[in-house]
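The values are calculated or read from the model by the stated rules, or taken from the named source; none is laboratory data. Remember, it's a predicted structure, so these values are computed and weren't measured experimentally. Cβ: placed from backbone, ideal geometry, glycine included. Neighbour counts: every protein chain shown.
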Amino acid sequence: MGKTTSLLMLAQALTREGRYVAVLISAEVGAPFPDDPGAAELAMLAEWRRAADMQLPAELRPPPFPDAPPGQRIGAALSAWAQAAPRPLVVFLDEADALRDAALVSLLRQIRSGYPDRPHGFPHALALIGRRDVRDYKVASGGSERLGTSSPFNIKVESLTLRNFTRDEVAALYAQHTAETGQRFQPEALDRAFELTQGQPWLVNALARQLVDVLVKDRTQPITAADVDRAKEILIERQDTHLDSLVDRLREPRIRAVIEPMLTGTALPSVPPDDLRFAIDLGLVRMTAAGGLDVANPIYREIIARELAFPVRASLPQIKATWLTQDGRLDADRLLDAFLSFWRQHGEPLLGAAPYHEIAPHLVVMAFLHRVVNGGGTIEREYAIGRGRMDLCVRHAGEVLAIELKVWRDGRPDPLAEGLAQLDEYLAGLGLQRGWLILFDQRSGQPPIAERTRREHALSPAGREVVVIRA
């Protein structure tokens, strides 16, 4: 998000104004010692002194931290610093959510204990900076059953979220580059950048960096919407640290409980409200203007699906590209034959490689399609809570193929009619007259995939041609 840079600049601005001593320090160095609060304290205090020496003039730096028993060193250090400071002390504690278990509880207890002594005997203000709310720290500490009390977490006055940029703010940020270099962003490029990022600050900046430093270095050339799409693909393929962090979250059971039904398009099950807020606080999902839950932005939507399909992609056998014409274009009929052959032969064993069991068929199909485009095209995905399906749009060498995925579960009617109506809407949006509808039959007692997989032909309510694949 850029939170560390933002808070460092805020601390510097507050100190320059002359009313406060403000500093940004980090708790991250204490993370390797979750069950040894004493060791975590020593690591953090050494880092805090280094950070203060770098950020503050000599007269505002902390005094020697007093000796104190393990479990009391943080409180003693902050108290001594606040008393020695010539102005009220403001502390921004970054990466506070990196701590876990006993180290985290000890830190929070010491902060809570020192609160009544502010502003002369403890920092005038202290902000915990991280990617989750204080209410979620209890989970990182092993849960309330181990703590026996919620009091260490009852220290919050207010939670502030670094919101996403608006479209106008993205335009204003990119206009700074134009003012400095003369290189313009076409209006369509600005619209596309906002559409792909939804204003997520890290993505907005990372996308711009790829555009101006990698793709369009000639400052006389304007940035186009096509350039933005190319930059998006580079970001997704590179998997920078921010995106790796995002992917790592997908393995958490609380996040899986939210993401898995989104991918299948089913209703959200009975998920604790705190788990849902956690996913929203992380910036992974968002509530739409209409009140539904959706992935935070199209780039995250692409990364989530790609990463979940990666174990299956790694397990794919060698597949000959029989779906290409002599001039390298995509032949939908050949692709259909190749997919049916692949699914009958490899679908059953590959389902076990998928990390999310409920969407295993979707992930196998996406892995196959990734092999099809293989760097020469793109796959666009649409999915959200309650949509009842996943939509895929395969683009390759000028050819476009729309595919809808639906699941037939126990106790439900054949989803064919609903799927044809939904695919009709999707095809209309893409301006296409034909597409595929893949129905995964996951009812109990079905014959093996190789026996039940077949193709049918149907017409959508608007008369569009549809290949129905019963899988």
Original post:
Is there any pair with a first residue in the range 315-326 that is under 17 Å from Leu351 (Cα atoms) and a second that is assigned to a loop (DSSP other than H, G, I, E, B) whose Cβ atoms are under 6 Å apart and which are 6 or more apart or on different chains, and what are they?
Top reply: Ser315/Ala353
Original post:
Quick one: in the range 128-162, which of the residues that are under 18 Å from Pro201 (Cβ atoms) and assigned by TED's automatic domain parsing to the domain that holds Leu78 is modelled with the lowest pLDDT?
Top reply: Arg132
**OP:** For the range 168-181, state whether one or more residues are assigned to a helix (DSSP H, G or I), of a type in the set (Asp, Glu), within 25 Å of Val295 (Cβ to Cβ) and modelled with pLDDT of 95 or more.
**Re:** yes
**OP:** Just give me the residues in the range 289-347 being modelled with pLDDT under 90, surrounded by fewer than 18 Cβ atoms within 10 Å (Cβ to Cβ) and acidic (Asp, Glu), in sequence order.
**Re:** Asp327
Original post:
Looking at (1) at pLDDT 95 or above; (2) surrounded by 19 or more Cβ atoms within 10 Å (Cβ to Cβ), can you tell me which one Val105 breaks?
Top reply: (1)
Subject >> Residue identified as among the basic types (Lys, Arg) and closer than 22 Å to Val312 by Cβ among Arg412, Arg454, Arg470 >> reply: Arg470
Original post:
Before we move on, is Glu451 within 25 Å of Thr266 (Cα to Cα) and not in a strand (DSSP E or B)?
Top reply: no
Subject >> Enumeration of residues in the range 248-276 that are closer than 21 Å to Trp202 by Cα and either out of contact with any Lys or Arg (no Cβ under 9 Å at 6 or more places or on another chain) or charged (D, E, K, R) (or both) >> reply: Asp248, Arg249
Original post:
If you check Thr241, Thr197, Thr264, which single one turns out to be modelled with pLDDT under 85, crowded, with 19+ Cβ neighbours inside 10 Å and not basic (Lys, Arg)?
Top reply: Thr264
Subject >> For Trp48: the one exception among (1) buried (at least 16 other Cβ atoms within 10 Å of the Cβ); (2) touching a residue at least 40 places away in the same chain (Cβ under 8 Å) >> reply: (2)
**OP:** Looking for whichever is among the small types (Gly, Ala, Ser) and more than 12 Å from the chain's Cα centre (by Cα) here; the options are Ala257, Ala296, Ala305, Ala279. Which one fits?
**Re:** Ala257
Subject >> Matching residues in the range 26-74 - criterion: being in a helix (DSSP H, G or I), within 19 Å of Ala127 (Cβ to Cβ) and in contact with an Asp or Glu (Cβ under 9 Å, 6 or more places away or on another chain) >> reply: Glu28, Val29, Gly30, Met44, Glu47, Ile74
**OP:** Please list, ordered by first then second residue, the pairs with beta carbon atoms under 8 Å, 6 or more apart or interchain, first in the range 182-211 and under 17 Å from Glu237 (Cβ atoms), second β-branched (Val, Ile, Thr) and surrounded by fewer than 19 Cβ atoms within 10 Å (Cβ to Cβ).
**Re:** Gln210/Ile234
Original post:
Would you pick out the residues in the range 1-25 that are in a helix (DSSP H, G or I) and of a type in the set (A, V, I, L, M, F, W, C)?
Top reply: Leu7, Leu8, Met9, Leu10, Ala11, Ala13, Leu14
**OP:** Identify, from the list Thr166, Thr178, Thr161, the residue that is closer than 20 Å to Pro298 by Cα and of a type in the set (Ser, Thr, Tyr).
**Re:** Thr166
